[in-house]
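Following: one structure in structure tokens, then a few remarks.
The values are calculated or read from the model by the stated rules, or taken from the named source; none is laboratory data. This one's a predicted model, so the numbers in the text were calculated from it and none came from an experiment. Glycine gets a Cβ as well: all are built from the backbone with ideal geometry, and neighbour counts include every protein chain shown. Heads up: the accessible areas ignore ligands, DNA and RNA and are worked out on the full protein's heavy atoms, side chains in. Shrake-Rupley method; radii C 1.70, N 1.55, O 1.52, S 1.80 Å.
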Amino acid sequence: MKTDMIIQDYYGASYFLEANADRHLVVFLVDDNKFYLNLLKNLIKMKNVTVHSFTSGEESLDCLALKPDLVILDYHLDGTNPKAQKGDVIAHKIHEKLPSTEIILISSDQKFKLLMDLKSSIAKNIIFKDRQAPSVLKSKVTGLSAKKSDWLQFRKSVIILVIIILGVISIIVLLGIIFI
């Protein structure tokens, strides 16, 4: 992850630099398979989406101050580091700190037992790494990006409306003072 895109204040809060001010959706990709990680990163890179990739769950936990909207997390993260925590454990830790963050667990392990274990997981979706997985993940990111963009546009409209109302009230008060 490039840390030069992030600034940190005195109290430890992290913020995006102005260069990323137009980004609406923050996505974390976590997979110890660098090939698959780069494939997904290049596939979901799009306007208004900031993608951060990590090769371990622990590394992603260190960056939760960026408040990701979506975390795509591999279940088996112990391929290169046998002591690495599994994806469902990382998912629970992310959910504890950021309960509104959507989490998708991905895995190439299609065993029935794994599916049953993950059903009780905090992840909203379980996607198996097959041919369709990258396109399913891309459509998920596209959908979330559109939804968040609509929400931000709505918030902007409400703020503008409140400013107009306050301006009208100020003018009425000012005219009342002048003519009294």
Considering only residues that are touching a strand residue (DSSP E or B) at 6+ places or on another chain (Cβ under 7 Å) and either open to solvent by 10 Å² or more (accessible area, probe 1.4 Å) or at pLDDT 90 or above (or both), which ones fall in the stretch 40-49? Lys41, Lys45, Asn48
Could you check the stretch 87-101 and list, in sequence order, the residues that are open to solvent by 20 Å² or more (accessible area, probe 1.4 Å) and touching a residue at least 24 places away in the same chain (Cβ under 8 Å)? Asp88, Val89, His92, Lys93, His95, Lys97, Leu98
For the stretch 97-124, what are the residues that are at pLDDT 75 or above and under 15 Å from the mean Cα position of the chain (by Cα)? Lys97, Leu98, Pro99, Ser100, Thr101, Glu102, Ile103, Ile104, Leu105
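Return yes or no: is Ser107 open to solvent by 10 Å² or more (accessible area, probe 1.4 Å) and without any contact (Cβ under 8 Å) to a residue 60 or more places away in the chain?
Working: open to solvent by 10 Å² or more (accessible area, probe 1.4 Å): no; without any contact (Cβ under 8 Å) to a residue 60 or more places away in the chain: yes.
When the stated conditions are applied, Ser107 does not pass them.
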Residue count for the stretch 50-70, restricted to those that are within 16 Å of Leu105 (Cα to Cα), open to solvent by 10 Å² or more (accessible area, probe 1.4 Å) and in a helix (DSSP H, G or I): 2
Checking Lys67 against (1) on the phi > 0 side of the Ramachandran plot; (2) modelled with pLDDT of 85 or more; (3) over 15 Å from the mean Cα position of the chain (by Cα), which test does it fail? (3)
Out of Leu37, Leu29, Leu43, Leu77, sole residue that is among the aliphatic types (A, V, I, L, M) and assigned to a strand (DSSP E or B): Leu29
